[in-house]
1. Sort out for me the Cα centre separation of the stretch 102-141 from the stretch 167-209, rounded to whole Å.
2. Quick one: if you stick a label point 7 Å off each Cα along the C-beta vector at R186 and R123, how many nm between them?
3. Over the chain, average the accessible area per residue using a 1.4 Å probe and give it in Å², no decimals.
4. Using Cα positions and a limit of under 17 Å, work out the lysines in reach of K143, with same-chain residues fewer than 8 apart set aside.
5. Please give the length that would be gained between R178 and N74 if that part of the chain were fully extended, namely 0.36 nm times their separation in residues minus their C-alpha to C-alpha distance (nm, one decimal).
6. Can you give the FRET efficiency for R38 and E170, using 1/(1 + (r/R0)^6), R0 = 25 Å, r = Cβ-Cβ distance, to the nearest 0.05?
7. Out of G15, G158, G148, any idea which swings most in a Gaussian network model of the chain, alpha carbons joined below 10 Å?
8. Check V96: other-chain or 5+ apart residues with amide H under 5 Å from its amide H, H built from backbone geometry?
Amino acid sequence: RAVFLADGPSDEPLGDHLEAMCAERGSPIRITTPDLRRLPRPPGLKVEDRLRAVFEMGNNYEIIFVHRDAEKQNPRDRYSEVEAAVHRVRPALPWVAVVPVRMTEAWLLLDEREIRQVAGRPRGTNSLALPAPNRVEREPNPKLILQGALEQASGLKGRKMKQFKRRFGEHRRLLVARMDIHGPVRRLEAWQALEGSVDRALAQLPESI
């Protein structure tokens with residue numbers, strides 16, 4: 001059993017992708033993604049506080065997955081943040097840091113077809129101004145690019161466009177859920193680091209798990 005702490009609600013489908021990655025490596029793991037916002041006293045954003053809240057609920061897990069967008073920080077700082085938090089809360093457990101550069105939206109910019117599908121016009125041909133795959137991790141604001149691409153793909157105007165914009169969280173969650181983990185994302189440095197981290201964590205699990 002594993003726990004996955006997502007950076008936000010629309011990132012929660014990443015847990016399904018992590019399950020699939022583990023299963024492909026011969027380790028069928030059931031990942032729980034708790035909604036800590038529902039607790040009587042929700043923890044803050046600090047990884048350590050969120051981990052303590054998870055284990056105070058009495059759950060037992062064999063592996064920890066923590067998602068933290070790099071944003072403007074060096075990805076290594078995020079790995080160190082997760083490592084320090086795990087070592088303070090459950091030092092004996094294997095852990096995996098899920099750290100997109102700069103944020104999860106960078107991974108979602110790689111699939112124009114899915115963007116058009118989620119936007120409701122799968123046969124659209126207008127330009128979405130998406131960056132080349134080898135540039136997505138260097139874009140300073142992939143979230144803004146994704147928002148613009150979805151809006152362009154929708155072809156909507158006026159009041160319908162305003163309504164469409166308010167659904168960005170829903171659209172983003174769908175794109176995360178439908179992300180092809182065997183597609184172009186595997187060429188990105190952050191994804192390769194994630195796969196390596198998963199391999200190392202699974203290697204630490206006892207044979208009986």
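The values are calculated or read from the model by the stated rules, or taken from the named source; none is laboratory data. Please read these numbers as outputs of a predicted model, since none were measured by experiment. Note that we place each Cβ from the backbone using ideal geometry, even for glycine, and neighbour counts take in every protein chain shown. Side chains included, ligands, DNA and RNA excluded: accessible areas come from the protein's heavy atoms. Shrake-Rupley method; radii C 1.70, N 1.55, O 1.52, S 1.80 Å.
1. Taking the Cα centre of the stretch 167-209 as reference, the centre of the stretch 102-141 is 18 Å away.
2. Here the modelled spin labels are 3.2 nm apart.
3. Details: 11360 Å² over 209 residues.
For the chain, the solvent-accessible area averages 54 Å² per residue.
4. K72, K165
5. Details: separation 104, 0.36 × 104 = 37.44 nm, distance 2.74 nm.
Gain on extension, R178 to N74, equals 34.7 nm.
6. Details: r = 19 Å, r/R0 = 0.78.
Rounded to the nearest 0.05, the efficiency is 0.80.
7. G158
8. I64, F65, V66
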